[in-house]
Each structure stands twice: as structure tokens, then as C-alpha cells.
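Visitor: Can you read through this structure? Questions will come right after.
The values are calculated or read from the model by the stated rules, or taken from the named source; none is laboratory data. Everything quoted here is computed from the prediction, not taken from an experiment. All Cβ positions, glycine included, derive from the backbone under ideal geometry; neighbour counts span all protein chains shown. Side chains included, ligands, DNA and RNA excluded: accessible areas come from the protein's heavy atoms. Shrake-Rupley method; radii C 1.70, N 1.55, O 1.52, S 1.80 Å.
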Amino acid sequence: SKFMSKVHNYSAGPCILPQEVFEEASQAVTNFNNIGLSILEISHRSKEFVTVMEDARSLVKELLEVPEGYTVLFLQGGASLGFLVSAYNMMPVGGKGVYVETGAWATKAVKEAKLLGNVDVVASSSDKNFNYIPKGYTVPADADYLHITSNNTIFGTQFKSFPTSDAPLVCDMSSDIFSRKINVADFDIIYAGAQKNLGPAGTTLYIVKDEVLGKIDRPIPAMLDLNVHAIKDSMFNTPPVYPIYVSMLNLRYMIKEGGIEVQQKKAEDRAALLYNEIDNNPLFEGTTAVEDRSNMNATFNLTDESLKEKFDEMWKAANINGLKGHRSVGGYRASMYNALPIESVQVLVDIMKKLNS
Ligand SMILES: *Cc1c(COP(=O)(O)O)cnc(C)c1O
């Protein structure tokens, strides 16, 4: 069958996208929409590309049921620039950004925000190598915003519900956006590097509450100013046309598959299948708190390190790719983004069972 002919791709990012999207995307490189030109050689101001941009923006709204009063942008710089962009657009001079530190990406967000002003890390799970999501903290009343990272890609934890406080909520949703139903109205800024669940590396999605746009008194460099990008309909400068195009195709594909409910169900089914094996197979153990474990990135270890060579040989022989854990955690990480078929998870689970037989 189709999936068996392919590598089972557990890459953490850039990562798997649907084969159908790749096929459509490759067609556009030689002859885009039958106009006899490549998408790579037409003006970003052409009606053909403006349509792509507008479709991409409206498909995000459709998929996430983005309410009125929000603007969707496709920018550059990755989520790593989003750390700074979000701080610039939320923190007034003399203001305060409040952060929940749940992993390496959150730590980097803190570091960037400190370039602009006061940062209060109100809760952190660094004491246990980020293997849980902190709970039961109080957000200070003078917070200009609360920043969280919805899914901790490296360590394998995920906010199962989002903190509620009076502070506007800013979220780096790079590694679990489009895998779960969210209420966009709960957030002031959502940002996400495309290369996990959306598209290729090279564009960054922002969903911004319109009240945020232009509200900060400090001077903001144009490329970091969400208001500048909003006024220009996400075309202030030459956008990354191809990553946006491929993202648009994938958004369309996710909708065709049945939308967010279907993506969420698939994510839950994949995660349940793998965690069930991790929990029941004595040769494996999960590395994170059970209630916080991620549906996107499952981290686990062998209980008997002497089996490492054998296990590694087995999964490599089964055409599994990208299972090695991040260097800061070790062990294994199975990244199960939207396009990963559950059959690929079954192949891994079967190998885990075989190792124990
Ligand atoms: C991958 C990732 C990033 C970094 O994204 P870039 O686009 O490479 O800057 C940031 N945050 C999270 C949660 C990620 O998973």
C-alpha cells in the first residue's frame, strides 16, 4: 500500500507532510496553475500569488474558526523571531512580560524578551529537566502578557488546558497547532513556525488579536511590527512564496480530511497507541509526567540500555526515520505530526513488542 512504500518519518521538524501535498507542490514548480510559469518566477504581487496568500490566510481562519477581530499573517524569521516579535508587540516601555518556562524553546523566548524589559518567569519545570507542565502558579496583576509554549517539542510535554488569568495570553504553538481544537479568542497572539504541522520551513504563522496591533508606544522595527504587516495584508516585503504556497495546500488538505476534529482524533489515536505500548512493555518507560505528555512528541527510554543496539537496528531495518531523542533528553522521541499515518505508529509498536518477545 501507499504508506508501506515510504519511510516512516518520525522527524521532529522539518517533518512529514502529506504525499498529495508534495505532488501538487512539485507541479507548481514547473507550471503553476497552468499559467506556463513556475510559482518561483512570478511576482508576489501577481493576482495568482495574491490569491495564494489570501487563500492561506482564510483557510487558517476556517480551520481554527478564528473569530472576527483577528488577523492572520504569514511572516518570516521562524518561531525564534516570534519570541522577539511577540515581546515587541506586547510589552510597553517599562512593562512586564510573564513567562511559563516549560522547555528549551520557552527558555529562548524568555531570553529574547529580556532584551526589551522586565521578565518574570512565574513558573518553571527546569528542576526536573522539563518533564512536566507547572501548575498552580499565580500570574502577577501587573503582567502585560503571559507567554506559554503549548507543546514542548524537545522534552515531550503539552499543556492539556491553557492557563486562565487576566493577562493577555501569548502562545508559541509551533509544534501542536492544527492538531487540536483551540479557542482562538483566548489568545492575543498565537505564533508558529510552519515546519511542524503546517508546511515547509521558511514561514511563520501569526494569529493576532486586532487590539494588539499598534498598541505599544515604543518604536518597533518595521519587520517586527505586526501592525505594519497587517496593514500590508502580509505583503509588506516579499513573502516566502513557496513555503506559503505549500502551507496553503496542506491547509486545504487538512480541511478536506475533515478539519480540526479529524486531526485531533488522529493525534489522540496515534498517541494512545504508542503510549499504551510504552506503559505496558517492561522494556520501555516514558520520560514525562503522564498527565502532561504530548500527543505530538512522545519521549521514552529503554529500561535496559544493553538492548539499545538491537532496538536501533530493528527500527532502522523497518524503514523508521528520526526516532533518536534530542541530545538534551537522550533516549527516543517519536514525533507524530498530523501527516503521520497511524500505520507508521503500528510499525514502531510492533517492533517494540518484538523486542520484548
Ligand atoms: C521548532 C520550534 C521552535 C523554533 O522554530 P524556528 O522556526 O526554527 O525558529 C520554537 N518553538 C517551538 C515550540 C518549536 O517546536
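Visitor: Across the stretch 32-46, what is the number of residues that are within 21 Å of Asn250 (Cα to Cα), without any contact (Cβ under 8 Å) to a residue 60 or more places away in the chain and open to solvent by 70 Å² or more (accessible area, probe 1.4 Å)?
Guide: Count: 2.
Visitor: Can I ask one more? At least 3 residues that are under 28 Å from Gln158 (Cβ atoms) in each: list the helices (runs of 4 or more DSSP H) lying fully within the stretch 209-289 that qualify.
Guide: Once the helices (runs of 4 or more DSSP H) in the stretch 209-289 are filtered for at least 3 residues that are under 28 Å from Gln158 (Cβ atoms), what remains is 241-256, 260-280.
Visitor: Out of the residues in the stretch 307-328 that are in a helix (DSSP H, G or I) and open to solvent by less than 30 Å² (accessible area, probe 1.4 Å), state the one that is nearest to Asn281 (Cα to Cα).
Guide: Phe311
Visitor: Answer yes or no: is there a residue in the stretch 249-261 that is of a type in the set (Phe, Trp, Tyr) and in contact with an Asp or Glu (Cβ under 7 Å, 6 or more places away or on another chain).
Guide: At the first step, the residues of the stretch 249-261 found to be of a type in the set (Phe, Trp, Tyr) are 253.
Narrowing the set further to residues that are in contact with an Asp or Glu (Cβ under 7 Å, 6 or more places away or on another chain) leaves 253.
Yes, there is a match, as at least one residue in the stretch 249-261 is of a type in the set (Phe, Trp, Tyr) and in contact with an Asp or Glu (Cβ under 7 Å, 6 or more places away or on another chain).
Visitor: Can you tell me which residue within the stretch 212-227, out of those that are open to solvent by 30 Å² or more (accessible area, probe 1.4 Å) and over 24 Å from the mean Cα position of the chain (by Cα), is nearest to the ligand (Cβ to nearest atom)?
Guide: Restricting to residues being open to solvent by 30 Å² or more (accessible area, probe 1.4 Å) and over 24 Å from the mean Cα position of the chain (by Cα), the top hit is Pro221.
Visitor: Looking at (1) in contact (Cβ under 8 Å) with a residue 60 or more places away in the chain; (2) within 16 Å of the ligand (Cβ to nearest atom); (3) open to solvent by less than 10 Å² (accessible area, probe 1.4 Å); (4) touching a helix residue (DSSP H, G or I) at 6+ places or on another chain (Cβ under 6 Å), can you tell me which one Tyr99 breaks?
Guide: (1)
Visitor: Suppose we keep only residues that are within 15 Å of the ligand (Cβ to nearest atom) and among the hydrophobic types (A, V, I, L, M, F, W, C) within the stretch 139-160. Which one would you say is surrounded by the fewest Cβ atoms within 10 Å (Cβ to Cβ)?
Guide: Among those residues, the one meeting the criterion is Ile154.
Per-residue answers, yes or no, for (1) farther than 18 Å from Thr107 by Cα; (2) surrounded by fewer than 22 Cβ atoms within 10 Å (Cβ to Cβ); (3) over 16 Å from the mean Cα position of the chain (by Cα); (4) not β-branched (Val, Ile, Thr):
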site	(1), (2), (3), (4)
Tyr137	no, yes, yes, yes
Phe162	yes, yes, no, yes
Ser165	yes, yes, yes, yes
Ser175	no, no, no, yes
Phe178	yes, no, no, yes
Gly193	no, no, no, yes
Thr204	yes, no, no, no
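Visitor: Now a separate question. Check the stretch 295-302 and report whether any residue there is modelled with pLDDT of 95 or more, within 16 Å of the ligand (Cβ to nearest atom) and open to solvent by 20 Å² or more (accessible area, probe 1.4 Å).
Guide: Yes, that holds for at least one residue.
Visitor: Is it true that Thr288 is open to solvent by less than 10 Å² (accessible area, probe 1.4 Å) and among the β-branched types (Val, Ile, Thr)?
Guide: Working: open to solvent by less than 10 Å² (accessible area, probe 1.4 Å): no; among the β-branched types (Val, Ile, Thr): yes.
For Thr288, the condition - open to solvent by less than 10 Å² (accessible area, probe 1.4 Å) and among the β-branched types (Val, Ile, Thr) - is not met.
Visitor: Here's something else I'd like to know. Could you grab me the full set of residues in the stretch 161-179 that are within 23 Å of Arg270 (Cα to Cα) and either more than 16 Å from the ligand (Cβ to nearest atom) or of a type outside the set (D, E, K, R) (or both)?
Guide: Ser161, Phe162, Met173, Ser174, Ser175, Ile177, Phe178, Ser179
Visitor: Within the group Val85, Val122, which residue is without any contact (Cβ under 8 Å) to a residue 60 or more places away in the chain and either within 16 Å of the ligand (Cβ to nearest atom) or open to solvent by 30 Å² or more (accessible area, probe 1.4 Å) (or both)?
Guide: On inspection, the qualifying residue turns out to be Val122.
Visitor: What's the total number of residues in the stretch 290-306 that are in a strand (DSSP E or B) and among the hydroxyl-bearing types (Ser, Thr, Tyr)?
Guide: Going residue by residue through the stretch 290-306, those that are in a strand (DSSP E or B) are 293, 297-302.
From what is left, the residues that are among the hydroxyl-bearing types (Ser, Thr, Tyr) are 299.
Of the residues in that region, 1 qualify.
Visitor: Quick check: is even one residue across the stretch 69-79 within 24 Å of Lys215 (Cα to Cα), within 16 Å of the ligand (Cβ to nearest atom) and assigned to a helix (DSSP H, G or I)?
Guide: Yes.
Visitor: Any residue at all in the stretch 192-205 that's more than 28 Å from Glu48 (Cα to Cα) and either out of contact with any strand residue (DSSP E or B) (no Cβ under 7 Å at 6 or more places or on another chain) or modelled with pLDDT of 95 or more (or both)?
Guide: no
Visitor: Shifting gears a bit: Give the residue that is nearest to the ligand (Cβ to nearest atom), with candidates limited to residues of the stretch 180-190 that are open to solvent by less than 10 Å² (accessible area, probe 1.4 Å) and of a type in the set (A, V, I, L, M).
Guide: We begin by selecting, within the stretch 180-190, every residue open to solvent by less than 10 Å² (accessible area, probe 1.4 Å); these are 184, 187, 189-190.
In the following step, the residues that additionally are of a type in the set (A, V, I, L, M) were identified as 184, 189-190.
On the way: Val184: 18, Ile189: 14, Ile190: 12 Å.
Restricting to residues being open to solvent by less than 10 Å² (accessible area, probe 1.4 Å) and of a type in the set (A, V, I, L, M), the top hit is Ile190.
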